[in-house]
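Q: Below: one structure in structure tokens.
The values are calculated or read from the model by the stated rules, or taken from the named source; none is laboratory data. This is a predicted model, so every value here is computed, not measured. Glycine gets a Cβ as well: all are built from the backbone with ideal geometry, and neighbour counts include every protein chain shown.
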Amino acid sequence: MTKNFHGSDIRFSRVLWELARSLPARGMTLKELMDCLRDKGLLVMCMVLTVPFLLPMSIPGSSTPFGLVIALTGLGVMLGKTPRLPGKIMNRPIAAGNLFTILDKGSGLFKKIETFTRPRLPFFTGGAMIRLNALLLVTSAILLMFPLPLPFSNTLPAYGVLFLAAGSLERDGLLILLGYLMILLTIIYFGLLAILGMAGLQLLFSRI
């Protein structure tokens, strides 16, 4: 039987599917959503918050608050403490339509991941690597927070968060390695954007 994230016999994709179909008409706040998923663990919440950046959907202004929640959660994992999350962000409402899309599409995405996730490459999931992975999760979240209106600027770090969180929960070193790869690609991408931006400014000033 395919195992769910966090070791549950019920697939997490099914949990999201059912939650999407029991949403109140007014939607939910981030705090209420976290309360619904609390027994699945904070890293699962991080995974859910990456969904808007992985699929062709948009929730304006979500990258900064979602990224901040993920970063603080990763910091809590790294320090071994329950993170304190800002009330202003946690009480921010998410419209029912947007939240339904996040949960419904997330259910389909996580169902695909569940088909091949399993414990492997234990070196990358235990010991000192736990804190390193949490630190890299924070790094990915910080990169996700930049509200850049450019292709892949949110998608690449969001996949980094998703793979690191799922890999940590399921002790899947392969997913952890995929998370490392996405972070590396994000840094390279942002670096190229910075170089091209500087080159463009130099060209502009040279013509003045």
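Q: Just need a number here: residues in segment 188-208 that are surrounded by 15 or more Cβ atoms within 10 Å (Cβ to Cβ) and touching a residue at least 40 places away in the same chain (Cβ under 8 Å). I'd like the intermediate steps shown before the answer.
A: Here is the first cut: in segment 188-208, the ones surrounded by 15 or more Cβ atoms within 10 Å (Cβ to Cβ) are 189-190.
Then keep just the ones that are touching a residue at least 40 places away in the same chain (Cβ under 8 Å); that gives 190.
Total satisfying the criteria: 1.
Q: Restricting segment 117-148 to residues that are of a type in the set (Ser, Thr, Tyr) and assigned to a helix (DSSP H, G or I), which is surrounded by the fewest Cβ atoms within 10 Å (Cβ to Cβ)? Explain how you work it out, then say what you get.
A: Taking segment 117-148 first, the residues of a type in the set (Ser, Thr, Tyr) are 117, 125, 139-140.
Next, only the ones that are assigned to a helix (DSSP H, G or I) stay: 139-140.
On the way: 139: 19, 140: 30.
Across segment 117-148, the extreme among qualifying residues is 139.
Q: Mind checking whether some residue in segment 81-101 is among the small types (Gly, Ala, Ser), closer than 20 Å to residue 134 by Cα and at pLDDT below 90?
A: Looking only at segment 81-101, we keep the residues that are among the small types (Gly, Ala, Ser), and these are 87, 95-97.
Going one step further and asking which of them are closer than 20 Å to residue 134 by Cα, we end up with none.
No: zero hits.
Q: I'd like the residue in segment 50-70 that is surrounded by fewer than 16 Cβ atoms within 10 Å (Cβ to Cβ) and small (Gly, Ala, Ser) and, out of all such residues, is modelled with the lowest pLDDT.
A: To start, the set of residues in segment 50-70 that are surrounded by fewer than 16 Cβ atoms within 10 Å (Cβ to Cβ) comprises 56-58, 60-61, 64.
When the remaining residues are screened for being small (Gly, Ala, Ser), the result is 58, 61.
On the way: 58: 60, 61: 68.
Looking at the filtered set, the residue picked out is 58.
Q: Still on this structure: Within segment 125-136, is even one residue under 26 Å from residue 13 (Cβ atoms), more than 14 Å from the chain's Cα centre (by Cα) and among the hydroxyl-bearing types (Ser, Thr, Tyr)?
A: Within segment 125-136, one or more residues are under 26 Å from residue 13 (Cβ atoms), more than 14 Å from the chain's Cα centre (by Cα) and among the hydroxyl-bearing types (Ser, Thr, Tyr).
Q: To continue, here is another question. Select, from 139, 125, the only residue that is over 15 Å from residue 69 (Cα atoms) and of a type in the set (Val, Ile, Thr).
A: Details: 139 fails: over 15 Å from residue 69 (Cα atoms).
Criteria check complete, one pass: 125.
Q: Is there a residue in segment 80-92 that is in a helix (DSSP H, G or I), in contact with a strand residue (DSSP E or B) (Cβ under 9 Å, 6 or more places away or on another chain) and among the β-branched types (Val, Ile, Thr)?
A: First pass over segment 80-92, keeping only residues in a helix (DSSP H, G or I): 87-90.
Now drop any that are not in contact with a strand residue (DSSP E or B) (Cβ under 9 Å, 6 or more places away or on another chain), which leaves 90.
With the extra rule that they be among the β-branched types (Val, Ile, Thr), the set shrinks to none.
No - not one qualifying residue is present in segment 80-92.
Q: If a residue has to be surrounded by 18 or more Cβ atoms within 10 Å (Cβ to Cβ) and aromatic (Phe, Trp, Tyr) to count, how many in segment 103-116 make the cut?
A: Result for segment 103-116: 1.
Q: Something else now. Return the total of residues in segment 63-72 being more than 8 Å from residue 141 (Cβ to Cβ), in contact (Cβ under 8 Å) with a residue 40 or more places away in the chain and of a type outside the set (A, V, I, L, M, F, W, C).
A: So the answer is 2.
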